[in-house]
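Heads up, the thing below is written out as structure tokens.
The values are calculated or read from the model by the stated rules, or taken from the named source; none is laboratory data. Since the model is a prediction, treat every value here as computed from it, not as a measurement. No Cβ is skipped: glycine too gets one built from the backbone with ideal geometry, and neighbour counts run over all protein chains shown. Each accessible area value is taken on the protein alone, full model and side chains, heavy atoms only, with ligands, DNA and RNA left out. Shrake-Rupley method; radii C 1.70, N 1.55, O 1.52, S 1.80 Å.
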There are 2 protein chains.
Amino acid sequence: MEMYFLADAATAGERVAFPADEARHIARVCRHRVGDRLFATDGAGCELELELAEVGPETVQARVLGRRTRPREPRARVTLALGIIRPDRFETVVEAVTQLGVAAILPLQTGRTVARLGGSRVERMRRVALEAMKCSTRTVAPDVAEPVGFDGLLDSAAGCEQVLLAYEGEHGPGMVDVLDPEAGSVLLVVGPEGGFAPEEVERLRAAGARSFSMGPRRLRAEVAAVAAVANAMQLLHEMDGARTADVPERRCY
Amino acid sequence: MEMYFLADAATAGERVAFPADEARHIARVCRHRVGDRLFATDGAGCELELELAEVGPETVQARVLGRRTRPREPRARVTLALGIIRPDRFETVVEAVTQLGVAAILPLQTGRTVARLGGSRVERMRRVALEAMKCSTRTVAPDVAEPVGFDGLLDSAAGCEQVLLAYEGEHGPGMVDVLDPEAGSVLLVVGPEGGFAPEEVERLRAAGARSFSMGPRRLRAEVAAVAAVANAMQLLHEMDGARTADVPERRCY
């Protein structure tokens, strides 16, 4: 299953034109021909099944065969708030957690954050998220937010059913003990390399956050982030048979 | 908690000398002084608590205060067999899954494997594993094996209680449905980018392997590998309070 980006959300029977960069990829890299079938998404939940009607080096048009809404998207909205780490490592996290199904990524500026993320880096992370969306055959591109401070984090927390904090000072419950598998929205908070300051943890707890341990081994921030999202998706039944009715036919891993 | 490598497995009261590269790191990078306390492991399960007795630019000696066996190591032995992917991406997987607690990593040459791993790359992956062991405060360095073919994989499978195959053709059970949380040894098999050939899947199943889905979103091989290990560790209760009695005091994430 090949997935392309197409901003137009057309309906069955209509004809659509791909943007130039997608057209080049279809015509020159994948060498598709008239009559080939492929999929496109607007990154906002709409998936179109298409049959190519015109394939030129710069212009590719297709006829819409069918349209679906949010196939393969998780039921629950999982947001990852991650303390800012080195931009190249943050991009790797964006790529991985997009494939795993997050709805949003919130770069977090905490008291102990050392690295910085400029506007161009955030733009680049958005492009990484869009590519990872296509590769993973998702139909929604996660929202990569501008970096927020602690107040912004608390604003986001207020909109989520559950706020869970990966905290190395926590020797008690694991995620399995605090995550509600039926939750509709979960905010996962993972600190930067320097960890959270105790007063930050207290502010989060006062706002309703529950902390959890990730075990006795020390994890780098980017590994903690990917593992936390994978574990949350497992507990939310997003990685088992309950959600695999429409797996794309091409191999995934 | 700082963890260094020391091949000698000494007992309490003895005096030990660090190898030159660790000595330089202790003296010059971390600027430790006589009387400072730190930890060292031989990578084979022995952890020593040490007090520095002599700190020179090339020579660092310490007195052994205490000795423990396999602290912070998982109860279950989890082996990751991963179809060979680009060496730099494979190294990232080695770093992450070492932190997450795997006992061994098996590079797997399958029918659809495109990338190659030379001997020097395997050596480099072993150094990555050793560094990740120290950073994560583990006391066992995972075994990074020479690449094996399908017969070698079946040999390894014969020594494991459970063999679980992440298979994109599986639309039914997830890992939660097939992994026994009480298993003493688990072999997780994740294919390369090209996936497994159907006859390879059949050979693995005939050898007792059970396949599982990782959900409807397509995962790149390296993301599938890290997520599979994180999910297995979660199901084995290696990432919750049951195992966090002796978390190191320094922040992990």
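Whole number in Å², please: accessible area per residue of the protein assembly as shown, 1.4 Å probe, ligands, DNA and RNA not counted. It would help to have the intermediate numbers written out before the result.
Details: 19560 Å² over 506 residues.
It amounts to 39 Å² per residue over the protein assembly as shown.
Just reorder B:Ser211, A:Ser120 by solvent-accessible area, largest first, 1.4 Å probe, all chains present. The partial results should precede the final answer.
Numbers: B:Ser211 10, A:Ser120 90 Å².
Sorted descending by solvent-accessible area, the residues read A:Ser120, B:Ser211.
Can you give the local net charge around A:Gly56? Use residues other than it whose beta-carbon is closer than 12 angstrom to its beta-carbon, Lys and Arg +1, Asp and Glu -1. Kindly include the intermediate steps, with their values, before the conclusion.
Numbers: positive: A:Arg24, A:Arg28, A:Arg33; negative: A:Glu54, A:Glu58.
My count for the surroundings of A:Gly56 gives +1.
Mind checking the mean number of beta-carbon atoms from other chains within 10 Å of the Cβ atoms in A:98-109?
Details: counts 2, 9, 8, 4, 0, 0, 0, 0, 0, 0, 0, 0.
Average per residue, whole number: 2.
If amide H atoms are built 1.01 Å from N in the plane of the peptide, which residues on other chains or at least 5 residues away come under 5 Å of the amide H of A:Val102?
Correct list: empty.
For region A:108-196, which GluC sites (Glu not before Pro) pass both filters: DSSP loop (anything but H, G, I, E, B) and at most 16 other C-beta atoms within 10 Å?
Numbers: sites: A:Glu123, A:Glu131, A:Glu161, A:Glu168, A:Glu170, A:Glu182, A:Glu193; in loops: A:Glu161, A:Glu168, A:Glu170, A:Glu182, A:Glu193.
Sites meeting the loop and neighbour criteria: A:Glu161, A:Glu182.
Over chain B, with a Gaussian network built from C-alpha contacts below 10 Å, which listed residue (B:Val176, B:Val93, B:Val29) shows the highest mean-square fluctuation?
The residue with the greatest mean-square fluctuation here is B:Val29.
Counting other Cβ atoms within 10 Å, which GluC sites (Glu not before Pro) in region A:1-58 have at most 10 and lie in a DSSP loop? Mind showing how you got there, number by number?
Details: sites: A:Glu2, A:Glu14, A:Glu22, A:Glu47, A:Glu49, A:Glu51, A:Glu54, A:Glu58; in loops: A:Glu2, A:Glu14, A:Glu58.
Sparse-neighbourhood loop GluC sites (Glu not before Pro): A:Glu58.
Would you mind calculating the relative contact order of chain B from Cα pairs under 8 angstrom and at least 6 residues apart, reporting the percent as a whole number? Each step should come with its number before you reach the end.
Values: 504 pairs, mean separation 49.6, N = 253.
In percent, rounded to a whole number, it is 20.
Regarding region A:1-103, what whole-number volume in Å³ per residue does the convex hull of its Cα atoms give?
Details: hull volume 11.5 nm³, N = 103.
Once divided by residue count, the hull of region A:1-103 is 111 Å³.
Relative to the other copies, what are the label-point distances for B:Gly159, with labels 7 Å from Cα along the C-beta vector, expressed in nm at one decimal and sorted shortest first?
Distances to the matching label points in the other copies: 5.2 nm.
Over region A:110-253, calculate the relative contact order: mean separation of alpha carbon pairs under 8 Å at least 6 apart, over the residue count, as a percent. Intermediate values should be presented prior to the final figure.
Details: 144 pairs, mean separation 38.4, N = 144.
Reported as a whole number, the value is 27 percent.
Under the rule of at least 5 residues apart or a separate chain, name every residue whose amide H is placed under 5 Å from the amide H of A:Tyr4.
Long-range HN contacts for A:Tyr4: A:Phe39, A:Ala40, A:Thr41.
From the protein chains alone at 1.4 Å, what is the descending order of accessible area for A:Arg205, A:Arg33, A:Arg218, largest first? The partial results should precede the final answer.
Details: A:Arg205 90, A:Arg33 175, A:Arg218 25 Å².
Putting A:Arg205, A:Arg33, A:Arg218 in descending order of accessible area: A:Arg33, A:Arg205, A:Arg218.
For the interface of B with A, what's the total buried accessible surface in square angstrom, probe 1.4 angstrom, rounded to the nearest hundred? Before the final figure, lay out each step's value.
Working: alone 12450 and 12420 Å², together 19560 Å².
Accessible area lost upon association: around 5300 Å².
If the convex hull of the alpha-carbon atoms of region A:71-151 is projected onto planes in all directions, what is the mean projected area in square nanometres? List each step's numbers first, then the result.
Values: hull surface 20.3 nm².
Convex hull of Cα atoms, orientation-averaged projection: 5.1 nm².
Return the calculated 222 nm mean residue ellipticity for the protein assembly as shown, to the nearest 500 deg cm²/dmol, obtained by summing -39500 (n - 2.57) across DSSP H runs with n ≥ 4 and dividing by the residue count. Intermediate values should be presented prior to the final figure.
On the way: 14 runs with 146 residues, N = 506.
Helices in the protein assembly as shown give a 222 nm mean residue ellipticity of -8500 deg cm²/dmol.
Placing +1 at every Lys and Arg Cβ and -1 at every Asp and Glu Cβ, with all other atoms neutral, what dipole size does the protein assembly as shown have around its Cα centre, in debye to the nearest 20? Kindly include the intermediate steps, with their values, before the conclusion.
Details: 64 positive and 74 negative charges, 150 e Å.
Value, rounded to 20: 720 debye.
What ranking of A:Asp155, B:Asp177 comes out by heavy-atom accessible area, probe 1.4 Å, highest first? Walk me through the numbers on the way to the answer.
Values: A:Asp155 115, B:Asp177 90 Å².
The ordering from most to least exposed comes out as A:Asp155, B:Asp177.
For the protein assembly as shown, what does the convex hull of the Cα positions come to per residue, in cubic angstrom? Write down the numbers at each step before the final one.
Values: hull volume 77.0 nm³, N = 506.
Value for the protein assembly as shown: 152 Å³ per residue.
Measure off, as a whole percent, the carbon and sulfur share of the 1.4 Å-probe accessible area of chain A, all protein chains present. Present the calculation step by step, with values, prior to reporting the outcome.
Values: 4630 of 9770 Å².
C and S atoms contribute 47 percent here.
Solvent-accessible area of A:Leu219, probe 1.4 Å, all protein chains present, reported in Å² to the nearest ten, please.
0
Between copies, how far does the label point of A:Arg86 sit from its twins, in nm, shortest first, when each point is 7 Å from Cα along Cα→Cβ?
Label point to label point, same position, other copies: 1.7 nm.
From the residues A:Ala12, A:Gly43, A:Val114, which one has its Cα farthest along the dipole of region A:1-136 in the positive direction, the dipole being from +1 and -1 charges on Cβ of Lys/Arg and Asp/Glu about the Cα centre?
My answer, from the dipole projection, is A:Val114.
Distances in nm, one decimal, shortest first, from B:Cys30 to the same residue in every other copy, taking the label point 7 angstrom along Cα→Cβ.
Ordered by distance, the counterparts are at 5.1 nm.
Using a 1.4 Å probe, how large is the accessible area of A:Asp151, given in Å² and rounded to the nearest 10?
Estimated to the nearest 10 Å², A:Asp151 gives 100 Å².
³J(HN,Hα) across region B:19-29 via Karplus (A = 6.51, B = -1.76, C = 1.60, θ = phi - 60°), whole Hz, x for Gly/Pro?
Ordered by residue, 3J(HN,Hα) equals x, 4, 5, 5, 4, 4, 5, 5, 7, 9, 7 Hz.
So what J values fall out for region A:108-113 if you push phi through Karplus, 6.51 cos²θ - 1.76 cosθ + 1.60 with θ = phi - 60°, rounded to Hz, Gly and Pro as x?
Calculated HN-Hα couplings, in order: 10, 9, 10, x, 9, 5 Hz.
Please report the residue of chain A with the smallest beta-carbon distance to the A-to-B rotation axis, and give that distance in Å, no decimals.
Closest to the axis: A:Ala230, 2.
Using the Karplus curve 6.51 cos²θ - 1.76 cosθ + 1.60 with θ = phi - 60°, what ³J(HN,Hα) values do you get for each residue of region B:42-53, in whole Hz, with x for Gly and Pro?
So the J values, rounded to whole Hz, are 8, x, 10, x, 8, 10, 10, 9, 10, 10, 5, 10.
Given +1 on the Cβ of Lys and Arg, -1 on the Cβ of Asp and Glu, and no further charges, what dipole in debye does chain B carry about its Cα centre, rounded to the nearest 20? Walk me through the numbers before you get to the answer.
Working: 32 positive and 37 negative charges, 121 e Å.
Dipole about the Cα centre, nearest 20: 580 debye.
I need the semi-axes of the equivalent ellipsoid of region A:122-228: take the C-alpha gyration tensor, multiply each eigenvalue by 5, square-root it, list largest first in whole angstrom. Walk me through the numbers on the way to the answer.
Details: eigenvalues 117, 53, 48 Å².
So the equivalent ellipsoid measures 24, 16, 16 Å along its semi-axes.
Amide H neighbours of B:Cys46 under 5 Å, at least 5 residues apart or on other chains, H built in the peptide plane: list them.
Those lying under 5 Å, H to H, from B:Cys46 are B:Arg70.
Of A:Thr139, A:Thr69, A:Thr79, which is the most mobile in a GNM of chain A whose springs link Cα atoms less than 10 angstrom apart?
With Cα springs under 10 Å in chain A, the top fluctuation among A:Thr139, A:Thr69, A:Thr79 is at A:Thr69.
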